[in-house]
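Visitor: Sharing a structure with you now.
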Amino acid sequence: MNAMSTHLGMPQLPARLAERRGSRRIQVGDVPVGDGAPVSVQSMTTTRTSDIGSTLRQIAELTASGCQIVRVACPTQDDADALPVIARKSQIPVIADIHFQPKYVFAAIDAGCAAVRVNPGNIKQFDDKVKEIAEAASAARTPIRIGVNAGSLDRRLLAKYGKATPEALVESALWECSLFEEHGFRDIKISVKHNDPVVMVNAYRQLAAQCDYPLHLGVTEAGPAFQGTVKSSVAFGALLSEGIGDTIRVSLSAPPAEEVKVGISILESLGLRRRGLEIVSCPSCGRAQVDVYKLADEVTAGLEGMDVPLRVAVMGCVVNGPGEAREADLGVASGNGKGQIFVKGEVITTVPESEIVETLISEARKIAEQMEKDGVESGEPLVVV
């Protein structure tokens, strides 16, 4: 490995905000969950599950975007009938999402799904079926996610608490867990979702203190892309920074691949996953002597698809530009119609403004090729203990 490449990329062991919460380990297909395993990113298909071709195509798109576990809805018998083929052909573990009809829980287990998500508040007489579900899931070694949602909380708890409070969500989840525990089944993951990040965070904090099950984080009905991204980032950041959370799903009114993109970015930002390509760019101000927005967008577009751990700084003035450019693997400090190109802190050339983007992209590709030759790993999940 040459001298330059030894210093490229992000730290192999990112700084920790907190120790990961201790929990039991479950296995969702080939993805370990809990007990220090990497926090995994999930999403959910938007197709009708009964449309096998469309569902598998969307799962392939999600897989390519970095999704590690996918959930599919199963509201009808036609959907249940499609599960065996989808579970078998999907490149990533498939979780069947069950509401209303307990018979589909058994269908999903028989279909070979990697796990089953049940919403007890939406399944009539669910508690009466727990023994049978526990026996079937245990025999098939299929984990169960007990997914409590504010919008479908058990009426008995709504009457007790008046609304979906953190205490109500936690009591619902732990009550259902206790029923499974009576039958010796503990292969469980829990979620307690709410559309208010503050309520959601408080619910998960209480839940984390009262059980050792792995936890799936989600802000339900988070909203359109911008609003949902903000709400999910705030909530997940608060919890993950305290070591709480084992899987995440960013719920957006947007294409599922966008959910995955945001989820991965959250984990990278918190040091829970090795960063891939990172663009550092200034917000621009009256000091800027180049069009920073245009430069950053063009560099980002030109490096799309590059997944090596490379930090590229695109800076627009002489105040912070040289310092940021020196600290990055590759950077430009721009001004007076030209740009100084830095590689690992050293100025390698000065080019006209019109050549900045082309030069950065060319140098980034050279660095990436060298990193790949040297065996530098890309941005896959990292176990942080």
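The values are calculated or read from the model by the stated rules, or taken from the named source; none is laboratory data. Small disclaimer: the values here were computed from a predicted structure and weren't measured. Quick reminder, even Gly has a Cβ in these numbers, built from the backbone with ideal geometry, and neighbours come from all protein chains shown. The accessibility values were calculated without ligands, DNA or RNA, using every heavy atom of the protein model including side chains. Shrake-Rupley method; radii C 1.70, N 1.55, O 1.52, S 1.80 Å.
Visitor: Filter the strands (runs of 3 or more DSSP E) completely within region 188-292 down to those with at least 3 residues that are out of contact with any Gly (no Cβ under 6 Å at 6 or more places or on another chain) and crowded, with 19+ Cβ neighbours inside 10 Å. Write out each step before concluding.
Guide: Numbers: elements: 188-193, 247-249, 278-281.
Result: 188-193.
Visitor: What pairs can you find where one residue is in region 96-111 and hydroxyl-bearing (Ser, Thr, Tyr), the other is open to solvent by less than 20 Å² (accessible area, probe 1.4 Å), and their Cβ atoms are less than 6 Å apart, with a gap of 6+ or different chains?
Guide: From residues that are hydroxyl-bearing (Ser, Thr, Tyr), the pairs are 104/74; 104/80; 104/98.
Visitor: Are any of the residues in region 194-212 of a type in the set (Lys, Arg) and in contact with a helix residue (DSSP H, G or I) (Cβ under 6 Å, 6 or more places away or on another chain)?
Guide: The initial filter retains those residues of region 194-212 that are of a type in the set (Lys, Arg), namely 205.
This time we only want the ones that are in contact with a helix residue (DSSP H, G or I) (Cβ under 6 Å, 6 or more places away or on another chain), so: none.
Checked region 194-212: no residue is of a type in the set (Lys, Arg) and in contact with a helix residue (DSSP H, G or I) (Cβ under 6 Å, 6 or more places away or on another chain).
Visitor: Cβ-Cβ distance below 7 Å, separation of 6 or more or different chains: which pairs start in region 192-206 with a residue that is among the basic types (Lys, Arg) and end on one that is in a strand (DSSP E or B)?
Guide: 193/149; 193/219
Visitor: State whether one or more residues within region 258-267 are among the polar types (S, T, N, Q) and farther than 28 Å from residue 300 by Cα. Steps first, answer last, please.
Guide: First, pick out the residues of region 258-267 that are among the polar types (S, T, N, Q): 265.
Retained after the next criterion (residues that are farther than 28 Å from residue 300 by Cα): none.
No, every residue in region 258-267 fails to be among the polar types (S, T, N, Q) and farther than 28 Å from residue 300 by Cα.
Visitor: Sticking with this structure for a sec: So, in region 177-187, exactly how many residues are open to solvent by 10 Å² or more (accessible area, probe 1.4 Å), part of a helix (DSSP H, G or I) and not polar (S, T, N, Q)?
Guide: 2
Visitor: Pick from region 220-268 the residues that are among the small types (Gly, Ala, Ser) and touching a Cys at 6+ places or on another chain (Cβ under 9 Å): which of them is nearest to residue 309 (Cα to Cα)?
Guide: First, the residues of region 220-268 that are among the small types (Gly, Ala, Ser): 222-223, 225, 228, 232-233, 235, 237-238, 241, 243, 245, 251, 253-254, 257, 263, 265.
When the remaining residues are screened for being touching a Cys at 6+ places or on another chain (Cβ under 9 Å), the result is 257, 263.
Values: 257: 21, 263: 17 Å.
Restricting to residues being among the small types (Gly, Ala, Ser) and touching a Cys at 6+ places or on another chain (Cβ under 9 Å), the top hit is 263.
Visitor: In this structure, does residue 5 turn out to be touching an Asp or Glu at 6+ places or on another chain (Cβ under 7 Å), at pLDDT below 95 and farther than 19 Å from residue 264 by Cβ? Before you say what the answer is, go through the steps one by one.
Guide: Details: touching an Asp or Glu at 6+ places or on another chain (Cβ under 7 Å): yes; at pLDDT below 95: yes; farther than 19 Å from residue 264 by Cβ: yes.
Judged against the criteria, residue 5 is a match.
Visitor: So residue 151 clears everything in (1) assigned to a loop (DSSP other than H, G, I, E, B); (2) over 19 Å from residue 33 (Cβ atoms); (3) within 25 Å of the chain's Cα centre (by Cα) except one condition, right? Which one?
Guide: Among (1) assigned to a loop (DSSP other than H, G, I, E, B); (2) over 19 Å from residue 33 (Cβ atoms); (3) within 25 Å of the chain's Cα centre (by Cα), the lone unmet condition for residue 151 is (1).
Visitor: Assuming residue 119 fulfils every condition listed in (1) touching a Gly at 6+ places or on another chain (Cβ under 6 Å); (2) under 16 Å from residue 28 (Cβ atoms) apart from one, which condition is it?
Guide: That leaves (2) as the condition not met.
Visitor: Shifting gears a bit: Could you list, in sequence order, the residues of region 323-357 that are without any contact (Cβ under 8 Å) to a residue 40 or more places away in the chain, part of a helix (DSSP H, G or I) and over 19 Å from residue 278 (Cβ atoms)? Even if it seems obvious, please write down each step before you answer.
Guide: Here is the first cut: in region 323-357, the ones without any contact (Cβ under 8 Å) to a residue 40 or more places away in the chain are 323, 325-327, 330, 332-333, 338, 340-342, 345-352, 354-355.
Remaining after also requiring part of a helix (DSSP H, G or I): 323, 325-327, 354-355.
Listed by number, the residues that qualify are 354, 355.
Visitor: Also: Quick check on region 365-385. Is at least one of its residues within 30 Å of residue 19 (Cβ to Cβ), modelled with pLDDT of 80 or more and of a type in the set (Asp, Glu)?
Guide: Looking through region 365-385, none of the residues is within 30 Å of residue 19 (Cβ to Cβ), modelled with pLDDT of 80 or more and of a type in the set (Asp, Glu).
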